[in-house]
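Below is one structure; the comments refer to it alone.
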Amino acid sequence: MILLQTLSVADSLAAANSLAEGATKENIGLLDLLIKGGYMMVPLYLLFILAIFIFFERLITLKKASKTSSSLMDQIRVLVQGGKIEKAKMLCAGEKTPVANMIAKGIERIGSPLKNIEVSIENVGKIEIYKLEKNLNLLATVSGAAPMIGFLGTVAGMIQAFIAIAQEEGMVSPKLLSEGIYEAMITTAAGLVVGILAYLGYNYLVSQVSKLVHNMEYTTVEFIDLLQDK
């Protein structure tokens, strides 16, 4: 009887130890997983840093570009109609935004035919839009390239795992097979995460640029109407 109780206690302890070891093995940290991803994680790290840098750099630039005073056109209208062209130029120079730069060019061309003024404003607008869209294509490239690099890393990892399996003699350990597969899949997961974040950031920035472009077009029409009424 005592022997049976001892064996029962020993079995319980062994089961508890087994569960503890299983729990320890399952508690793999995020950093450990990223390290296990292999050398293909390096370009993904770089792409992630690049995407974060472009997003925040463009976000700050767009925030500054959108800070045009809501009363700018009202002040410009009063100054132009009053013949105070130089003060109108100074007012635009103080704003330092795409809208103000376009209006400043139009004010400089006052006296020329309206068509020439409109063309000059449009040319400045194209330059300003190019500045606003700077590096957005690169962010879009990151959103597409990151998942492909991750998938490439998975394929390379799977090849290495199967080579290791092929070199094993006798029965293949399930642990060896599962470790090789999950380590290979890490790069795909990381690539998808980087790609999704870059894609969301790109679309958000594009929407902000579209709002600014719409405001620039609206202000241009308003300024041309002002000159026609002058």
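Nothing in this text is a laboratory measurement; each read-out follows from the coordinates by a stated rule. Bear in mind that the values here come from a model prediction, so they are computed numbers and not experimental data. Please note: Cβ atoms are built from the backbone with ideal geometry, for glycine as well, and neighbour counts cover all protein chains shown.
Stretching Leu114 away from Phe56 to a fully extended chain increases their span by 17.0 nm, per 0.36 nm per residue minus the current alpha-carbon distance. Taking Cβ atoms as reference points and 14 Å as the exclusive limit, the residues near Glu108 contribute a net charge of +2, counting Lys and Arg as +1 and Asp and Glu as -1.
For Asp74 and Thr141, what does the FRET efficiency come to when R0 = 45 Å and r is the distance between their Cβ atoms, rounded to the nearest 0.05? With a Förster radius of 45 Å, E is 0.60. Charge tally around Pro98: other residues with Cβ under 9 Å, Lys/Arg +1 each, Asp/Glu -1 each, net 0.
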